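Written below as structure tokens is the structure these notes are about.
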Amino acid sequence: MQLVPSRLRARSVVPCLALLAACLVACAPEVSTARMGGIFPAREPACALELRSGTMAFAMISSFDTVGTVSVRGNEGEAPNAPRILGLVKPEACALGGDTVLINTSANMTNGMQTASHHSFIVMRRKAPGGASPQKF
């Protein structure tokens with residue numbers, strides 16, 4: 001005995017999948033952080049940071065350590081230097097021990113139902129004179 005005709009079941013699956021996709025996008029983390037390079041002590045969450053854009057010149061590469069990346073999902077058309085975006089980046093960059101944040105990539109992305117911005121930042125820290133001491137364990 002078949003209670004629901006197969007065509008009706010197929011039609012009800014499509015809206016359910018669309019709703020599931022929308023929930024997954026809405027539930028995706030707004031901020032993600034990845035540590036890379038050296039491990040440095042965290043700074044206070046409201047630490048002072050310098051925001052830079054453009055390419056990394058040799059002088060910058062040679063005088064900074066890369067400590068991680070921070071990725072932020074924003075609203076459609078939201079700029080990487082918007083106060084809300086920078087407010088999300090700041091505590092993450094400070095927790096990585098960074099003192100400089102470089103805008104890496106910034107784009108609007110559409111998943112078919114929703115457009116959002118996505119921003120990636122490289123977190124850097126000025127090199128200590130003589131270089132960092134290796135960690136022993």
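Each peptide in 115-124, 30-39, 70-79, 47-56 receives the mean, over its residues, of other Cβ atoms within 10 Å, and ordering these scores from highest gives 115-124, 70-79, 30-39, 47-56.
Comparing 88, 115, 101 along the charge dipole axis of the range 74-137, the residue lying farthest to the positive side is 101, per the Cβ-charge model. Computed over the range 29-126, the Cα gyration tensor eigenvalues convert (square root of 5λ each) into semi-axes of 24, 15, 11 Å, ordered from largest to smallest.
Relative to the Cα centre, the charge distribution of the range 29-126, modelled as +1 at Lys and Arg Cβ and -1 at Asp and Glu Cβ, gives a dipole magnitude of about 140 debye.
Proximity of backbone amide H atoms, modeled 1.01 Å from N, is registered between residue 67 and 123, 124, 125 at under 5 Å, excluding neighbours fewer than 5 places apart on the same chain.
Any read-out appearing in this document is the output of simple, stated calculations on the displayed coordinates, not a laboratory observation. Everything numeric here is computed off the predicted structure, so don't read it as measured data. Please note: Cβ atoms are built from the backbone with ideal geometry, for glycine as well, and neighbour counts cover all protein chains shown.
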